[in-house]
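S.K.: Shown below is the structure under consideration.
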Amino acid sequence: MPCEDCGASIDRYASQPHRCDAERRVDYQMFALRDGVERFEAALARFLASPAGEFEAFLAGRRVRGEA
């Protein structure tokens, strides 16, 4: 039976309760979010390729360089 938080197999009859490993929990959560992350990255790429996105990237560059 997998843990709902980290995906690790849990032995229901173990003498000690299951404790999730922090790194495994993050990996499991990122795996669960992979479709949303891919959609976000595609939407961001489309926006940055648009005239509005190019302008926003230009302004951000100026702010970083202290020109604005």
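The values are calculated or read from the model by the stated rules, or taken from the named source; none is laboratory data. Remember, it's a predicted structure, so these values are computed and weren't measured experimentally. Every residue, glycine as well, gets a Cβ built from its backbone with ideal geometry; the counts of neighbours run over all protein chains shown. The accessibility values were calculated without ligands, DNA or RNA, using every heavy atom of the protein model including side chains. Shrake-Rupley method; radii C 1.70, N 1.55, O 1.52, S 1.80 Å.
S.K.: Chymotrypsin sites (Phe, Trp or Tyr not before Pro), restricted to the stretch 1-53: which are DSSP loop and have at most 13 other Cβ atoms within 10 Å? Walk me through the intermediate numbers first.
M.R.: On the way: sites: Tyr13, Tyr28, Phe31, Phe40, Phe47; in loops: Tyr13.
Counting only loop positions with at most 13 other Cβ atoms within 10 Å, the chymotrypsin sites (Phe, Trp or Tyr not before Pro) in the stretch 1-53 are Tyr13.
S.K.: Projected onto the charge dipole of the chain (+1 at Lys/Arg Cβ, -1 at Asp/Glu Cβ, origin at the Cα centre), which of Phe55, Phe31, Ala43 gives the Cα projection farthest towards the positive end?
M.R.: Going by the charge dipole, the pick is Phe55.
S.K.: Would you mind finding the longest exposed-site-free stretch of the chain, with exposed trypsin sites (Lys or Arg not before Pro) meaning DSSP loop and at most 12 other Cβ atoms within 10 Å?
M.R.: Numbers: sites that count: Arg12, Arg19.
Between the exposed loop sites, the longest stretch runs 20-68.
S.K.: Exactly which GluC sites (Glu not before Pro) in the chain are in a DSSP loop and have at most 11 other Cβ atoms within 10 Å?
M.R.: Numbers: sites: Glu4, Glu23, Glu38, Glu41, Glu54, Glu56, Glu67; in loops: Glu4, Glu67.
Filter output for the chain: Glu4, Glu67.
S.K.: Specify the angular offset, from 0 to 90 degrees and rounded to the nearest 10, of the alpha carbon long axis of helix 34-49 from the longest principal axis of the alpha carbons in the chain.
M.R.: 0 degrees
S.K.: Between Leu33 and Ile10, what is 0.36 nm times their sequence separation minus the Cα-Cα distance? Round to one decimal in nm. Please report the intermediate quantities before stating the final value.
M.R.: Details: separation 23, 0.36 × 23 = 8.28 nm, distance 2.24 nm.
In short, 6.0 nm is gained.
S.K.: Over the chain, average the accessible area per residue using a 1.4 Å probe and give it in Å², no decimals.
M.R.: On the way: 6070 Å² over 68 residues.
Here the residues of the chain average 89 Å² of exposed surface.
S.K.: Relative contact order of the chain, please, whole-number percent, based on alpha carbon pairs below 8 angstrom and at least 6 residues apart.
M.R.: Numbers: 31 pairs, mean separation 13.2, N = 68.
After rounding, I find 19 percent.
S.K.: From the gyration tensor of the Cα coordinates in the chain, what semi-axes in whole Å does the equivalent ellipsoid have, largest first, with each one equal to sqrt(5λ)?
M.R.: Equivalent ellipsoid of the chain: 44, 15, 5 Å, largest first.
S.K.: Using 0.36 nm times the number of residues separating Asp21 and Phe40, minus their current alpha carbon distance, what extension gain do you get? Before the final figure, lay out the partial values.
M.R.: On the way: separation 19, 0.36 × 19 = 6.84 nm, distance 2.76 nm.
Contour length minus Cα-Cα distance gives 4.1 nm.
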